[in-house]
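J.: I'd like to ask some things about the structure below.
The values are calculated or read from the model by the stated rules, or taken from the named source; none is laboratory data. Everything numeric here is computed off the predicted structure, so don't read it as measured data. Backbone-built Cβ (ideal geometry, glycine too); neighbour counts: all protein chains shown.
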Amino acid sequence: MAKYLMLKHYRSSSAPTDRPFAPMDQWTPEEVDAHIKFMYDFQDKLRQTGEFVDAQALSPEGTFVRYDGPGRPPVTDGPFPETKDLIAGWMVVDVDDYQRAVELAGELSAAPGRHGEPIHEWLEVRPFLTSPPTVTE
Amino acid sequence: MTPGVDDATLRELVPAVLGVLARRGADFATAEDAVQEALVEAVVRWESEPPTDAKGWLVTVAWRKFLDLTRSDVARRGREERLLAQPEAGPTESADDTLALYFLCAHPSLTHTSAVALTLRAVGGLTTRQIAAAYLVPETTMAQRISRAKRTVSDVRLGQPGDLQTVLLTLYLVFNEGHSGDVDLAAEAIRLTRQLAAVTDDPEVDGLLALMLLHHARRDARVDADGRLVPLAKQDRTRWRTDLVAEGVDLLQAALIRDALGPYQAQAAIAALHADARTVDETDWVQIVEWYDELLALTDSPVVRLNRAVAIGQADGPRAGLAALSDVDDTVPRYAAAAAFLHERDGDLATAATLYVEAAEAAQNLAERDHLNREAARLRSVPGSR
């Protein structure tokens, strides 16, 4: 039993070179619908298997915020247009092992894009830090 | 909670009640739901009307719930009369039922995750909500996990001989989970292992129970007032629970006499040797190394090799420990932490500090990462360690 974050990186350079990544605004409405349906179906499947913990999509634009010393309001900045890497959202799964997490991320990365072709989106799989186990020696 | 009947006492009756229903011909999945509903009703009703025969009450109510749940099926299959003709359970059958239930819930066809969930619900009598909260997943997810597990074992006949090893592993996993939310999983694992020990005759069951008790005894000493992890060597041993240590040692000694050593007994023996030492300097590391050798012969795992190397470092000096470590696969979790510890004891503080940082990066839990970062910081604040 282990929880993994599957972080959806949306970056133009993520696709294999022979399949240039087409941003969603270049898809047909049907292709967009198919993509969204795939995402919901995937989540439903995880609920059925008892592996679903959380899924969230994020607005593409955010603000960077930083402490700026006592008595001062925090500094805000961004968005940073040069940032090629954009976190589109995440899913959290609770699975038997790492292999299963990788298998699921591979499936999620096959979400359909333009012409119904898998978009080959990069997913970053990161384990949660857990509570310490009782038996260690 | 109910006057006279606390939650744990109520839940102790679950396997026997489920067993009666199963022997009357009820299918496991529906019977299990029926018992859960009866438990919920018991919590409500017993407050004002405590039963004279708690088990009898639960059987009656669970059976009624079962009939409600299957009413539509019953008419079709003409099952009701046949089922009602089945006899009640006697005491021996009750023990067999309990064991059969453990086997079913940890059936080898289930994944570890599923076996854990099903065992906590069907044997432990915990609600889906409690199990979900304990494992920090949504209740709907846990409900699906449990119902899938029930479907997986739906063709397994209750009472078929099972695999005790998967049962023990399931209970061990519950114990080792470490969360401490509303449901105390370690205490629940001990309760379930105790219950298993009462209906089995295998020294490994007692070995596992002893292992759990000996580790549970140290629980209060493992974390300081600020929530920091305290390593074994630095624990305040006066805070170890002597009652649990005594019970664990007694169980272990009785198990070892039967001369059927297994990995749980060997691990419990190591824990008992730590428990025996009033101060860390009194630890009998030579015997601990011998037990690691036994454990290695029983189960050649890299984790055991790693822990053995650390014990050799204590028994024969850090150089010997580092030599033993060189035979261990360096991808095993906590490898860097063990290496850091041995280098520190060898006086090479700079290397040790670097390894502690590396170990912190590889840590799989937050408390351990924080601890390893503190160790690195401690060494680096020593003059001349950089």
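J.: Working only within the stretch B:328-362, note down all residues that are of a type in the set (Ser, Thr, Tyr) and either away from chain A (no Cβ under 14 Å) or over 24 Å from A:Pro127 (Cβ atoms) (or both).
T.: Selection gives B:Thr351, B:Thr354, B:Tyr356.
J.: Further, regarding this structure: Would you say B:Ile257 is hydrophobic (A, V, I, L, M, F, W, C) and surrounded by fewer than 18 Cβ atoms within 10 Å (Cβ to Cβ)?
T.: yes
J.: Which condition number in (1) more than 22 Å from B:Arg319 (Cα to Cα); (2) at pLDDT 95 or above is the one that B:Pro383 fails?
T.: Among (1) more than 22 Å from B:Arg319 (Cα to Cα); (2) at pLDDT 95 or above, B:Pro383 violates only (2).
J.: Related question: Give the stretch B:101-136 a look and list any residue that's within 13 Å of another protein chain (Cβ to nearest Cβ) and not in a helix (DSSP H, G or I), or say none.
T.: Within the stretch B:101-136, B:Leu110, B:Thr111, B:Tyr135, B:Leu136 meet the criteria.
J.: Related question: Check whether at least one residue in the stretch B:322-339 is over 32 Å from the mean Cα position of the chain (by Cα), assigned to a helix (DSSP H, G or I) and over 22 Å from B:Val280 (Cβ atoms), and report yes or no.
T.: yes
J.: Checking the structure you have, find out if any residue of the stretch B:139-160 is part of a helix (DSSP H, G or I), free of Cβ contacts under 8 Å to residues at least 40 places away in the same chain and away from chain A (no Cβ under 14 Å).
T.: Checking the stretch B:139-160: not a single residue is part of a helix (DSSP H, G or I), free of Cβ contacts under 8 Å to residues at least 40 places away in the same chain and away from chain A (no Cβ under 14 Å).
J.: Something else about it: Mind checking which helices (runs of 4 or more DSSP H) fall wholly inside the stretch B:170-251 and carry at least 1 residues that are within 11 Å of another protein chain (Cβ to nearest Cβ) and of a type in the set (D, E, K, R)?
T.: The helices (runs of 4 or more DSSP H) meeting that bar are B:219-222.
J.: Let me ask you something else. In this structure, is B:Leu185 hydrophobic (A, V, I, L, M, F, W, C), closer than 22 Å to B:Ala133 by Cβ and surrounded by fewer than 20 Cβ atoms within 10 Å (Cβ to Cβ)?
T.: No: the conditions fail for B:Leu185.
J.: Filter the stretch B:363-380 for residues that are aliphatic (A, V, I, L, M) and away from chain A (no Cβ under 11 Å); which is farthest from B:Ala339 (Cα to Cα)?
T.: In this case the residue turns out to be B:Ala377.
J.: Which condition number in (1) within 14 Å of chain B (Cβ to nearest Cβ); (2) farther than 30 Å from B:Ala271 by Cα; (3) surrounded by 15 or more Cβ atoms within 10 Å (Cβ to Cβ); (4) over 12 Å from the mean Cα position of the chain (by Cα) is the one that A:Asp44 fails?
T.: (3)
J.: Return yes or no: is B:Gly321 touching a Lys or Arg at 6+ places or on another chain (Cβ under 7 Å), buried (at least 23 other Cβ atoms within 10 Å of the Cβ) and over 26 Å from B:Leu164 (Cα atoms)?
T.: no
J.: Please verify whether B:Thr170 is in contact with a helix residue (DSSP H, G or I) (Cβ under 8 Å, 6 or more places away or on another chain), within 22 Å of B:Leu104 (Cβ to Cβ), buried (at least 20 other Cβ atoms within 10 Å of the Cβ) and of a type in the set (S, T, N, Q), treating the condition exactly as stated.
T.: Taking the combined requirement at face value, the residue satisfies it.
J.: For the stretch A:48-137, give me every one of the strands (runs of 3 or more DSSP E) that falls completely inside it and has 2 or more residues that are surrounded by 15 or more Cβ atoms within 10 Å (Cβ to Cβ).
T.: It comes to A:52-57, A:86-95, A:122-127.
J.: Looking only at the stretch B:280-299, filter to residues that are modelled with pLDDT of 95 or more and in a loop (DSSP other than H, G, I, E, B); which one of those is farthest from B:Thr242 (Cα to Cα)?
T.: Result: B:Asp284.
J.: State whether the residues of the stretch B:308-316 include one that is within 23 Å of B:Gln364 (Cβ to Cβ), away from chain A (no Cβ under 14 Å) and of a type outside the set (Gly, Ala, Ser).
T.: For the stretch B:308-316, residues within 23 Å of B:Gln364 (Cβ to Cβ), away from chain A (no Cβ under 14 Å) and of a type outside the set (Gly, Ala, Ser): absent.
J.: crowded, with 20+ Cβ neighbours inside 10 Å and small (Gly, Ala, Ser): is that true of B:Ala143 in this structure?
T.: no
J.: State the number of residues belonging to the stretch B:101-125 that are among the aliphatic types (A, V, I, L, M), over 16 Å from B:Thr30 (Cα atoms) and crowded, with 24+ Cβ neighbours inside 10 Å.
T.: 5
J.: Could you grab the pairs with beta carbons closer than 7 Å, sequence gap of 6+ or different chains, first residue in the stretch B:188-216 and under 24 Å from B:Asp7 (Cα atoms), second one of a type in the set (D, E, K, R) and crowded, with 24+ Cβ neighbours inside 10 Å?
T.: B:Ala197/B:Asp206
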